[in-house]
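Structure incoming, see below.
The values are calculated or read from the model by the stated rules, or taken from the named source; none is laboratory data. Note that the structure is predicted; figures quoted are calculated from it, not measured. All Cβ positions, even for glycine, are placed from backbone atoms using ideal geometry, and neighbour counts span all protein chains on display. Quick note on the areas: whole protein, heavy atoms, side chains included, nothing else; ligands and nucleic acids left out. Shrake-Rupley method; radii C 1.70, N 1.55, O 1.52, S 1.80 Å.
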Amino acid sequence: MKILITGSNGLLGQTLVTQCQQRGIDFVASSFGSNRNPHLTEDKYTSLDITDSNAVQEVLHAHRPSVVINTAAMTNVDACEEEKDKCWQINVEAVSHFMTFKSPNCKFIQLSTDFVFDGLNGPYKETDAPNPLSHYARSKWASEKLLQKSKDSNWAIARTIIVYGLGENLSRGNIVSWAVDSLSLGKELNIVNDQFRSPTWAPDLAEGCCLIAEKDATGIFHLSGPEFFSMYDMVVKIAEMIGADPKLISPITSEVLDRPAPRPPRTGFDISKSKNELNYAPHTLQEALKAMYPEKVS
């Protein structure tokens, strides 16, 4: 097996590189521009603009992967609302390029999101009907439908929720590491109390993707953490775990934030299918924080 990882400069991409290294899986990593992962040697990296169909075709032909894990995406929900064309090029049209040029023997694993749901009836199973609220969510749902309608059935969709963890030279942070850093400095935080999620540790998600590849699984899989919190309660728990003062955290409503893109209020996943079919076994927030910050969490 040889895996092509797209978006390898991102948190999940970097973690997939580590997973492949640990599991002895042959791989090539790719991202837009130069490699920013110091733990990745240049001979295992190739620059790739996934919106360029010719470049996608050339990389697939040159490296002949048996699996593509597409972590590359435009994930800033508000930016997607304001730059709709760019969002669609990256999140939908690029997926079409891979499906057009990949070999039928090559499995395509597409990362997707809990935001394909409207958040009225969470937690969700894989069989529940999507109803995306934002342009970002519509683009990810469109990429899912593209696979589902394809004559090529060698694909899988890995939906996930709020991915957190530690990486190198990341262009975007995540709420967990941001909360730990901010609370450690004694900063006051305003956190929404009307959005409910199941935060997902990047190594768990990366392992789930590798399990899909190793087991040659197809279809849709929900890969998230095992717990379900309001965002406010999650950050309070983080404060308690690292010995920070929970009084630094104030609850606010989503309405107060007044962001350009709507968010589903209550998602979360039923991950029983992934547990049963993949042997997926995600860690709790406390277990993950203990691994991430052994000096802060006992």
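No other cysteine beta carbon under 4.7 Å away is the test; run it over the chain and list who passes.
Singleton cysteines: C20, C106, C209, C210.
Could you pull out the GluC sites (Glu not before Pro) across the stretch 258-298 that fall in loop regions by DSSP (anything but H, G, I, E, B) with no more than 12 other Cβ atoms inside 10 Å?
Those that pass, being in a loop and sparsely packed, are E295.
Just need log10 I(q)/I(0) for the stretch 75-217 at q = 0.12, 0.18 Å⁻¹, Debye formula, equal scatterers on the alpha-carbon atoms, no solvent, rounded to two decimals.
-0.59, -1.26
I would also like to ask the following. Restricting everything to alpha-carbon atoms, can you work out Rg to Rh for the stretch 25-68 with a Kirkwood hydrodynamic radius?
0.95
In debye to the nearest 20, how big a dipole does the stretch 232-293 give about its Cα centre with +1 on each Lys and Arg Cβ and -1 on each Asp and Glu Cβ?
With only Lys, Arg, Asp and Glu charged at Cβ, the dipole is about 100 debye.
Using the heavy atoms of the protein chains alone and a 1.4 angstrom probe, what is the accessible area of the stretch 184-260 per residue in square angstrom?
In whole numbers, the stretch 184-260 has 44 Å² accessible per residue.
Roughly speaking, what is the stretch gain from W178 to D258, that is 0.36 nm per residue apart minus the C-alpha to C-alpha distance, in nm to one decimal?
Contour length minus Cα-Cα distance gives 26.7 nm.
Of G119, N9, A137, which is farthest on the positive side of the dipole of the stretch 1-139, counting Cα position, with +1 on Lys and Arg Cβ, -1 on Asp and Glu Cβ, and the Cα centre as origin?
N9
Using a 10 angstrom cutoff on alpha carbons, build the Gaussian network for the chain and name the most mobile of D118, D258, D26.
Among D118, D258, D26, the largest mean-square fluctuation in the Gaussian network model of the chain belongs to D258.
Among S150, S134, S96, whose mean-square fluctuation peaks in a Gaussian network model of the chain (Cα, cutoff 10 Å)?
S150
Between N131 and S96, what FRET efficiency comes out of the Förster formula 1/(1 + (r/R0)^6) with R0 = 25 Å and r the beta carbon distance, rounded to 0.05?
0.65
Next question. Rank S198, S53, S143 by mean-square fluctuation in a GNM of the chain with C-alpha springs under 10 angstrom and give only the top-ranked residue.
Comparing S198, S53, S143 in a Gaussian network model of the chain, the most mobile one is S53.
Cross-link partners among aspartates and glutamates for K107, C-alpha distance below 12 Å, same-chain residues fewer than 8 apart left out?
D152, E214, D216
Quick one, could you list the DSSP H helices from the chain stretching 15 Å or more along their long axis (Cα atoms) with average Kyte-Doolittle hydropathy of 0.0 or above? Can you show the working numbers first?
Details: long enough: 11-23 (18 Å, -0.17); 53-63 (16 Å, -0.17); 135-148 (19 Å, -1.08); 202-214 (18 Å, 0.77); 231-242 (17 Å, 1.06).
Counting only whole DSSP H runs, the qualifying helices are 202-214, 231-242.
While we're looking at this one, here's another question. Multiply the residue gap between D85 and K290 by 0.36 nm, knock off their C-alpha separation, and tell me the result in nm, one decimal place.
So the extension gain works out to 69.7 nm.
Another question, then. Determine, at each q value in 0.26 (inverse angstroms), the log₁₀ of I(q)/I(0) that the Debye formula gives when each Cα of the stretch 193-241 is one equal point scatterer.
Those come out to -0.95, one per q.
Only Lys, Arg, Asp and Glu count, each charged at its Cβ (+1, +1, -1, -1), so figure out the dipole size of the chain about its Cα centre, rounded to 20 debye.
540 debye
Let me ask another. Looking at the stretch 147-221, which trypsin sites (Lys or Arg not before Pro) are DSSP coil and have at most 10 other C-beta atoms within 10 Å of their C-beta? Mind dumping the intermediate values first?
Details: sites: K149, K151, R159, R172, K187, R197, K215; in loops: K149, K151, R172, K187, K215.
Here the sparse-neighbourhood loop sites are K149, K151, R172.
While we're looking at this one, here's another question. Place +1 on the Cβ of every Lys and Arg and -1 on the Cβ of every Asp and Glu in the chain, take the dipole about the Cα centre, and give the residue among S224, Y45, G24 whose Cα lies farthest towards its positive end.
Comparing the listed Cα positions along the dipole, G24 ranks first.
Semi-axes of the equivalent ellipsoid for the stretch 50-148, please: Cα gyration tensor eigenvalues, times 5, square-rooted, ordered largest first, whole Å.
The three semi-axes for the stretch 50-148 are 26, 17, 9 Å.
While we're here: Let me see the P(r) profile for the chain: every Cα-Cα distance counted, bins of 5 Å, each bin given as a percent of all pairs.
1, 6, 12, 16, 19, 18, 14, 9, 4, 2, 0, 0
List the lysines whose Cα sits under 18 Å from the Cα of K44, skipping any in the same chain fewer than 8 residues away.
Filter leaves K2.
For the stretch 34-184, with all protein chains present and a 1.4 Å probe, just round the carbon and sulfur fraction of the accessible area to a whole percent.
Looking at the stretch 34-184 in its full context, I get 46 percent from C and S.
Separate question: Past 31 Å, Cα to Cα, is the threshold; run K86/K273; K84/K125; K86/K275 against it and keep the listed order.
Details: K86/K273 34 Å; K84/K125 28 Å; K86/K275 35 Å.
Checking Cα-Cα distances, K86/K273; K86/K275 exceed 31 Å.
Let me ask you something else. Answer with one residue from M74, A179, A213: the one whose Cα lies farthest towards the positive end of the charge dipole of the chain, charges on Cβ with Lys, Arg +1 and Asp, Glu -1.
Going by the charge dipole, the pick is A213.
I need the shape label for the stretch 1-107. Rule: rounded when a/c is under 1.5, else prolate if a/b > b/c, else oblate, with a, b, c from the alpha carbon gyration tensor.
Numbers: a/c = 1.94, a/b = 1.29, b/c = 1.50.
Here the stretch 1-107 falls in the oblate category.
By per-residue mean of other Cβ atoms within 10 Å, what is the highest-first order of 14-21, 236-243?
Highest-to-lowest ranking by the protection proxy: 14-21, 236-243.
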